[in-house]
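Encoded as structure tokens, the structure appears first; notes follow it.
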Amino acid sequence: MTSVPRTARVVVIGAGIVGNSVVWHLARLGWRDIVQIDKGPLPNPGGSTGHASNFIFPVDHSREITDLTLDSMKQYKEMGVFTESGGIEVARTEERMQELRRRMASAKAWGIPSELITPEQVVEKVPFVDPSVIIGGFWTPSVGVVDSLRAGTIMRERAQELGALTVVANAEVTAMTVEHGRITAVHTDDGDIATDTVVIACGVWSPRLAAMAGVHIPLTPAVHQMISVGPLPELAERPGEISYPIVRDMDTFCYERQHGSDMEVGSYAHRPILMDPDDIPSIDQAKLSPTELPFTEDDFDPQLEQALELMPELLGSEHAEIRYAINGLLSLTPDGAPVLGESPEVKGVWSAAAVWIKEGPGVGRLMAEWMTDGNPEIDASHSDIARFYPHQRTKQHISRRTSEAFNKTYGIVHPSEQWASDRGIRRAPMHAAQVAAGAFFFETAGWERPHWYASNEALLGEYGDQVMPRAAEWDARWWSPIINAEHLAMRERAGYVDLSAFSIFDVAGRGALDAVQRIAVAQMNVAPGKVVYTPIVDERGGFRADLTIMRLSDDRFRVVTGGAHGNVDRKWFSDHVPDDGSATVTDLTSAYTTIGLWGPRARDILGSITETDVSHQAFPFSTCRSLELGSLSVLASRISYVGELGWELYVPMEQGAALWSLIEEVGRPHGAVPVGIGVYGTTGRLEKGYRAYGAELDSERTIVEAGMMRPKVKDADFVGRDAYLKQRENPPATVLCTLTVDDHTSADGTKRYMLGGEPVLTPDGEALVDDHGHRAYVTSAGSAPSLGQHILMAYLPPSVAQVGAKLAVDYFEERYPVTVGSADATPLFDPENARIRS
């Protein structure tokens, strides 16, 4: 048995597929003195890797997850542990068949060969499926299975061959030491290891290990039931582990997968069965392994009946018996995404958790790149551990969300679908008034945000067909024509928007200017009272944030960013301020609420409640100052994300309700209405061509490609400056464009409205591939009521990124003609920006 070294550059806890991938890729990138530790024996220490169904379906609606999966498949193939079998997702209902058409769109967007097939074609590939039970299928020939234990062994051995890795099995981590906010030691039952970097890659045990360092990894162990039925003569006579395609019976939330002479049946349809990490049995206590728990037959009986319906002759064979049945543990997170990256709570503690076998090696590479130079090739913004707010780390929130999420594993999830559980945690001070106005709430980072207001329903009569009603249920789900009516009212008169979900933090101190100047692309050495919109990029010139900064005084800057990514943005700033204490980052999100007031009459409304001159000359665009509005002292910032004259108004949280009521009262004679986030985040934004982080902007995109270059680059150095200068010198590999849909009419005559994620093609249906090798797809989609058009945004190859170019978008397997309306940041609405600067 290898003894525990006394020091290490990095300690990786966990020897499942993720931990093994991390140690190999760290070694490949030059790391040495790596220690990998696991309390179980090798090659199968008893985690989920040892029992998880090891198949890979590459198509996902998420680009991030798809990229990680495709990278993992490539690595598995290179190691010789991947067997391609093909896979079919079958539909029993028309609703599911529609979802499979949507999956075809994602397959085309990511460049994964797939096709829709008939029940008869399903039977040709899997002859023991009863075709009368299904109405169609989604065939992906690249689906396959992996030997994840062998892959882990190969990667460990490769790292050892480089002299980079010491592996310690059968040793348990018992504690960790943190000093001055940084990890300094890992303690085991076989000795202590001094280190300043730890990777927690131990799956369902990750929260327990993280807690030893005062860190939260928001996941829960959850049961996924599966059985193995056999021996089956039809399978036994075929060579190898798998010779038939894997079948996902999507409407029953089950899968059927050949394993030699057995058919494995797994279910995501049973009740959510969650566990506390501390309650997982030890290796000595477990009959099979700690993550293979006793089977609860009653939970599985309905799924077994459904599997018999699909494969009656095979699974109903007289030779068939259940030879293996478990309640296997896997990891679930509150939002369904992995938990990756350095913890915002303790420096040097990294999470590589809630990762499936299909993503393991890709995550290992991503983590190693992130730890080495901070810049993983694949954007990980949706998986960053820093995304979680304190309430999202609580056991109750994790339990409620994962209980809701479990049955969505194979569910049909609308892109705008809202969570039903654990709502109402963060409410704006004007929440009661919004409820009274019939607000329909969406949630962002726990905040309840009005998406539209039923009180504005009368506007539908005022604007008629200008609200662009949607006849197709899918297009109209989680949407209302009231959004477009509110938009038109704001454009004609005025609207006020609850922006309480903004993440707000100050950078202050004698070194504050140097700090923000170093972080921001835009010039920050501006006069106090100036508001600066700026990208934040990494060393490669890829986007890391997109936000505004107000200079409040010589030594204080206020950063305002979106709530969904606000924690990650604050961590980026905290990580890049000087270590000497000359600049500090202070979270003020819960201290202030924000109300946006915009529209042609916004100045009239604001001017009626303040003695301060708010004319354009006295209060120019991109400036901020304090105003007295009645008894309220308000920080007003003249900025706009909807392309209208107006202000963001910041007040202490406890005064937010009073400010809302005041604006409502004085705005009523001017025709002002409350406006939801449906306008702020979609219709107003898209008409102006404003880019959104997480949609158009991420670490794989550049300022040049996004069409956001400014005439000059500041002389002061900033993170990513060298890369940005080089990018400016060369033609972009891809170009962000705004497109308009020319004809919405589908084959059955219904007008259809894209929602985002659809592939953009040539008019005859050929793929468009940019110079990165990426296919074109819709990054954002929504109504442009002021233009009477539906707008799409997409990165296009430079050869077709030309105003007037005719293209097509694929929506549910039908092509719709589109035209490039803008090939840079020029908006389709008010291209001269006269309104915002009036």
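The C-alpha atoms of the chain define a longest principal axis, and helix 148-161 lies at about 80 degrees to it.
If a spin label sat at a point 7 angstrom from the Cα of Ala658 along the line to its beta carbon, the backbone N atoms of the range 590-609 nearer than 19 Å would be those of 590-596, 606-609.
The phi torsions of the range 428-437, fed into the Karplus equation with coefficients 6.51, -1.76 and 1.60 and a -60° offset, translate into couplings of 5, x, 9, 4, 4, 5, 5, 4, 4, 8 Hz, rounded to whole numbers, with Gly and Pro shown as x. Semi-axis lengths, largest first, of the ellipsoid equivalent to the range 58-161 are 31, 17, 9 Å, with √(5λ) applied to each eigenvalue of the Cα gyration tensor.
Charge tally around Tyr255: other residues with Cβ under 10 Å, Lys/Arg +1 each, Asp/Glu -1 each, net -2.
Please compute the net charge surrounding Val679, taking Lys and Arg as +1 and Asp and Glu as -1 over other residues with Cβ under 11 Å from its Cβ. Spell out each step's value before the answer.
Details: positive: Arg491, Arg685; negative: Glu486, Glu644, Glu687.
Taking every Cβ under 11 Å from that of Val679, the sum is -1.
The charge dipole of the chain, taken about its Cα centre with unit charges on the Cβ atoms of Lys, Arg (+1), Asp and Glu (-1) only, comes to about 2460 debye. Helix 395-406 and the longest principal axis of the Cα set of the chain meet at an angle near 70°. Given their separation in residues at 0.36 nm each and the Cα-Cα distance between them, Glu665 and Glu318 gain 117.3 nm when the chain is fully extended. Counting only protein heavy atoms and a probe of 1.4 Å, the accessible surface of the chain is 49% carbon and sulfur. Its alpha carbons give the range 435-544 an Rg and a Dmax of 20.2, 58 Å. Only one item in [x] 194; [y] 160; [z] 243 matches volume of the Cα convex hull per residue in Å³ derived from the coordinates shown, and that item is [y].
Classify the range 507-591: rounded, prolate or oblate, from the alpha-carbon gyration tensor (a ≥ b ≥ c, eigenvalue square roots; a/c under 1.5 rounded; otherwise prolate if a/b is larger than b/c)?
Working: a/c = 1.22, a/b = 1.19, b/c = 1.03.
Because its axes are fairly even, with a/c under 1.5, the range 507-591 counts as rounded.
Would you calculate, for the chain, the mean residue ellipticity at 222 nm contributed by helices, counting each DSSP H stretch of 4 or more residues as -39,500 (n - 2.57) and dividing by all residues, to the nearest 500?
Details: 21 runs with 198 residues, N = 838.
Taken over the chain, the calculation gives -7000 deg cm²/dmol.
Just the accessible area per residue of the chain, please: how many Å² with a 1.4 Å probe?
Working: 30400 Å² over 838 residues.
With all protein chains present, the chain gives 36 Å² per residue.
What angle do you read, to the nearest 10 degrees and between 0 and 90, between the alpha-carbon axis of helix 360-373 and the longest principal axis of the chain? Roughly 50 degrees, rounded to the nearest 10. The stretch between Lys408 and Asp587, if pulled fully straight at 0.36 nm per residue, gains 61.0 nm over its current Cα-Cα span.
Taking θ as phi - 60° and the Karplus parameters 6.51, -1.76 and 1.60, the scalar couplings of the range 112-127 work out to 9, x, 7, 7, 8, 10, 7, x, 5, 5, 4, 5, 4, 8, 10, x Hz in sequence order, x denoting glycine and proline.
Computed from label points 7 Å out along Cα-Cβ, the spacing between Arg150 and Gln418 is 5.0 nm. The lysines whose alpha-carbon is closer than 28 Å to the alpha-carbon of Lys39, local same-chain residues fewer than 8 away aside, are Lys287, Lys347, Lys358, Lys395. A Förster radius of 35 Å, combined with the Cβ-Cβ distance separating Glu179 from Arg710, puts the computed FRET efficiency at roughly 0.20.
Summary: within the chain, the longest segment free of GluC sites (Glu not before Pro) located in DSSP loops with at most 10 other C-beta atoms within 10 Å is 319-610.
Dimensions of the range 182-259 based on its C-alpha atoms, expressed as ranges along the principal axes with the largest first, amount to 57, 30, 18 Å. Full extension of the chain between Ser282 and Thr745 gives 160.7 nm of extra length, using 0.36 nm per residue less the Cα-Cα distance.
The separation of the range 618-638 from the range 269-321, counted between C-alpha centres, amounts to 62 Å. Placing a label point 7 Å from the Cα of Ser608 along the Cα-to-Cβ line, the residues of the range 643-687 whose backbone N sits under 11 Å from it are 663-672.
Around Ala692, what is the net charge, scoring Lys/Arg as +1 and Asp/Glu as -1 over all other residues with Cβ under 13 Å from its Cβ?
Combined, the nearby Lys, Arg, Asp and Glu give +1.
Could you compute the FRET efficiency for Arg32 and Asp190, with r as their C-beta to C-beta distance and R0 at 30 Å, rounded to 0.05?
Given R0 = 30 Å and the Cβ-Cβ separation, E is 0.90.
The values are calculated or read from the model by the stated rules, or taken from the named source; none is laboratory data. Here the structure is a predicted model, which means the values were calculated and not measured. For neighbour counting, all protein chains shown are included, and Cβ atoms are generated from backbone atoms with ideal geometry for every residue, glycine included. SASA here: full protein model, heavy atoms, side chains in, ligands and nucleic acids out. Shrake-Rupley method; radii C 1.70, N 1.55, O 1.52, S 1.80 Å.
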